[in-house]
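**Student:** To start, I am sharing the structure in question, which I have written as C-alpha cells.
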Amino acid sequence: MGATVISNEHALDGGPGPLGATYGKMMMWFFILSDALTFSGFLAAYGFSRFKFIETWPIADEVFNHFPFAHGVDAPMYYVALMTFILIFSSVTMVLAVDAGHHMKKNKVAVYMALTIVGGFIFLGSQAWEWKNFIKGEFGAVETSGGSILQFVKKGEDGNYERVKLADFAAVLPEDRAQHSRNNGVWFMDEATIPSHSANEIIQGFKAHEDILVRVETIDPTTKKKVVLSREESIKRLADTRYVVEGANLVRNEYGSKLFANFFFFITGFHGFHVFTGVLINIIIFFNVLLGTYEKRKSYEMVEKVGLYWHFVDLVWVFVFTFFYLV
Amino acid sequence: MAHAHESNTKRIWIVFGILSVITIVEVLFGIYKPKSLYFNNFLSMNLLNWLFIILTVVKAYYITWAFMHMEGEKKWFRRSIVWTVVFLILYLCFIILIEGGYVFDVYKTGFIKWNF
C-alpha cells in the first residue's frame, strides 16, 4: 500500500506533497470531490421531485425503449446498458494507459489513450441518439388544462393495453393552421413547431374509434402500471384537452411530469458535457504523449491525473444509469 | 496492491469482469422485475430498488478503489475524500428525500393541486 509515483524532487513540478500524494493529484481528487457533490445535488433534486410526484412519475422502461435498427420493438434498458459498457470499457483502456505509463512505455500509453478517446466519442454519439429519440417522441399525448398528460391505449391481442400513436386515430379536419415563422408573420417573432394534429382532431378522432381509451399519469400501486380509464371517463377527461404534445422539450413532454424531461436534459446533459471535456483533455494529453513531453519529464503522472477525471465521469454515469433507468 | 512499478493488468481485467457482471445482473433484474422483490417494501422502498442501489455502490467501490487507485493512497488521504463525500451525500439525501415525501403528503391530503 505504498504511495504512487513520486519521481520528481521538486514540489512545484508535481513532486511530493502532503500525505504521500503529489499536489496535482491531490487537487484533482479534491476537484472530483466537489464535482461529485454537485452531481449528488442534481440527483438528490431529481429524487425530491420524484418523491413529490411519486404517484404520477413516468415509468422509465416505457420512455427509453429504443434500440438501433429495431424499430417498433419494445427494448427497454438494452441501449443504456450498451452505453454503460462503452463507458466502462473506455475506463479500462484509460487505466491500462496509466499502467503502461508506470512502465514508461510511450507507445502503449498512446495506443490506450487513443482507444479511450474513441470510446468517449462513441459514448457521446450514443447519447445524442438517445436525446434524439427522447425529443422526437413516439406515441404523442395531449395535455389537459390542469397540466396532466393523457396518453392513448387500446387492448392488444394478449389482453394487455398497448400504446396507440396519435396519427393512428386522429381525424383529418379541414383546419388550416400555418406555422408562424419569421418570414410569414411579424419579422421578429416565430413559434415552436406546431404539432401535426390539432386538439380538436384528436378529440373527434377519439370519438370515432370505439376501441381507444385514455391512460392517465396515475400509477396503480397494486400493479405498478398506469391507470387506464373507461370509455365514458376517457371522453370526459379528453374534453379538457388544451395542447397536443409530441416528443419533449423543456416546457412539456409526452411522457408525463414536466420535471421528468427537465431533469433528463439537465443531468444527462451535464454529464455529457463532462464526457466532452474529458475527451478534449484526453486529446491534449494524448498529443503530449506523442510529443514525448512525459518521456522527457520521466513521469507519466499527467496521464494518471486525467485518468482520475475520466474514471470519475464513468462513476457518475453508473449513478445516472441507476437513478434514471433502473430505479 | 497498486504498487507503482508492478503491472496491474490482470487485476484491471478482473475488475472489468466484475463491473460487467454486475451491470448484466442489474439489466436482467430491470427487465424481468421479479414480483417478490418488486412488490415488497423495506423502509418504504421496494426490494428491487434496494438491490439496484446496493449494486451501484459496489460498482462505485470498484471504480474508485481499483481504477482510480484509491487503495494505493495513504489512509488519511483516502479518508479525507471518501468520508467527506459519503457523509455529505447521505445527509443531503436524507433531508431532501424526507422533504419530498412530506410535500407529496401535503398535496395528497391537503387542498393544493398544482403541477410545477
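**Student:** Averaged across orientations, what area in nm² does the convex hull of the alpha carbons in the stretch A:141-246 project?
**Tutor:** About 8.2 nm², averaged over all directions.
**Student:** Still on this structure, I have one more. Which chymotrypsin sites (Phe, Trp or Tyr not before Pro) from the stretch B:19-112 combine a DSSP loop assignment with at most 11 other Cβ atoms within 10 Å?
**Tutor:** Filter output for the stretch B:19-112: B:Phe111.
**Student:** Amide H neighbours of A:Tyr161 under 5 Å, counting only residues 5+ apart in sequence or on other chains, H built in-plane at 1.01 Å?
**Tutor:** A:Gly156
**Student:** Using only the Cα atoms of the stretch B:75-116, what are the Rg and Dmax in Å?
**Tutor:** Computed over the Cα atoms of the stretch B:75-116, radius of gyration and Dmax are 17.0, 54 Å.
**Student:** Let me know the longest stretch in chain A that avoids all trypsin sites (Lys or Arg not before Pro) found in a DSSP loop with at most 15 other C-beta atoms within 10 Å.
**Tutor:** Values: sites that count: A:Lys105, A:Lys165, A:Arg177, A:Arg182, A:Lys224, A:Lys298.
Looking at chain A, A:1-104 is the longest stretch - no exposed trypsin sites (Lys or Arg not before Pro) with at most 15 other Cβ atoms within 10 Å.
**Student:** Rounding to the nearest 10 and keeping the result within 0 to 90°, find how far the Cα-based axis of helix A:23-52 lies from the longest principal axis of chain A.
**Tutor:** Helix A:23-52 sits at roughly 10 degrees to that axis.
**Student:** When the helix-only estimate is applied to chain A (DSSP H runs of n ≥ 4, each -39,500 (n - 2.57), divided by the residue count), what is the mean residue ellipticity at 222 nm, nearest 500 deg cm²/dmol? Before the final figure, lay out each step's value.
**Tutor:** Working: 10 runs with 162 residues, N = 327.
It lands at -16500 deg cm²/dmol.
**Student:** I want the local charge near B:Val85. Using Cβ-Cβ distances under 13 Å, sum +1 for each Lys or Arg and -1 for each Asp or Glu among the other residues.
**Tutor:** Net charge in that neighbourhood comes out at +1.
**Student:** For a quick check: with amide H placed at 1.01 Å from N, whose amide H comes under 5 Å from A:Arg242's, ignoring anything fewer than 5 positions away on the same chain?
**Tutor:** Excluding prolines and chain starts, which carry no amide H, the hits are A:Glu143, A:Thr144, A:Ser145.
**Student:** Rounded to the nearest 0.05, what FRET efficiency is calculated for B:Ser36 and A:Lys296 with R0 set to 56 Å and r the Cβ-Cβ distance?
**Tutor:** Approximately 0.35, to the nearest 0.05.
**Student:** Only Cα pairs under 8 Å and at least 6 apart count here; give the relative contact order of chain A as a rounded whole percent.
**Tutor:** Values: 425 pairs, mean separation 77.6, N = 327.
Normalised by residue count, the contact order of chain A is 24 percent.
**Student:** Further question: Return the loop-located chymotrypsin sites (Phe, Trp or Tyr not before Pro) in the stretch A:178-274 (DSSP other than H, G, I, E, B) with at most 10 other Cβ atoms within 10 Å of their own Cβ; answer none if there are none.
**Tutor:** Values: sites: A:Trp187, A:Phe188, A:Phe206, A:Tyr243, A:Tyr255, A:Phe260, A:Phe263, A:Phe264, A:Phe265, A:Phe266, A:Phe270, A:Phe273; in loops: A:Trp187, A:Phe188, A:Tyr255.
Of the chymotrypsin sites (Phe, Trp or Tyr not before Pro), the ones in loops of the stretch A:178-274 whose Cβ has at most 10 other Cβ atoms within 10 Å are A:Trp187, A:Phe188.
**Student:** Given N residues in the stretch A:251-320, what is Rg(Cα) / (2.2 N^0.38 Å)? Mind showing how you got there, number by number?
**Tutor:** Details: Rg = 17.5 Å, N = 70, 2.2 N^0.38 = 11.1 Å.
For the stretch A:251-320, the normalised Cα radius of gyration is 1.59.
**Student:** Something else about it: Calculate the dipole size of the protein assembly as shown relative to its Cα centre from +1 charges on Lys and Arg beta carbons and -1 charges on Asp and Glu beta carbons; express the result in debye to the nearest 20.
**Tutor:** 1000 debye
**Student:** On to the next question. In whole Å, what are the extents of chain A along the principal axes defined by its C-alpha atoms, from largest to smallest?
**Tutor:** Sorted largest first, the three principal extents are 81, 53, 34 Å.
**Student:** Another one. Mind grabbing the base-10 log of I(q)/I(0) for the stretch B:1-72 at q = 0.14, 0.16, 0.23 Å⁻¹? Debye formula, identical points on the C-alpha positions, no solvent, two decimal places.
**Tutor:** Ignoring solvent entirely, the Cα scatterers give -0.55, -0.65, -0.96.
**Student:** On to the next question. With runs of 4+ DSSP H residues as the only contributors, calculate the mean residue ellipticity of chain B at 222 nm using -39,500 (n - 2.57) per run, divided by the residue total and rounded to the nearest 500.
**Tutor:** Helix contribution divided over all residues of chain B: -23500 deg cm²/dmol.
**Student:** Here is a further query. Reachable lysines from A:Lys305, Cα under 24 Å, same-chain residues fewer than 8 places away excluded?
**Tutor:** Filter leaves A:Lys25, A:Lys105, A:Lys106, A:Lys108, A:Lys296, B:Lys10, B:Lys59, B:Lys74, B:Lys75.
**Student:** Going by alpha carbons, how many degrees (0 to 90, nearest 10) lie between the helix axis of B:9-32 and the longest principal axis of chain B?
**Tutor:** Value to nearest ten degrees: 20.
**Student:** Also, I was wondering about something else. Return the average number of partner chain Cβ atoms within 10 angstrom of each residue Cβ along peptide A:47-55.
**Tutor:** Mean number of neighbouring Cβ atoms from other chains: 6.
**Student:** Suppose each label sits 7 Å from its Cα in the direction of the beta carbon; what would the A:Asn249-B:Ile53 distance come out to in nanometres?
**Tutor:** 3.6 nm
Only the coordinates and a few stated rules stand behind these numbers; no lab work does. Everything numeric here is computed off the predicted structure, so don't read it as measured data. Neighbour counts are summed over all protein chains in view; Cβ atoms, including those assigned to glycine, are modelled from backbone coordinates with ideal geometry.
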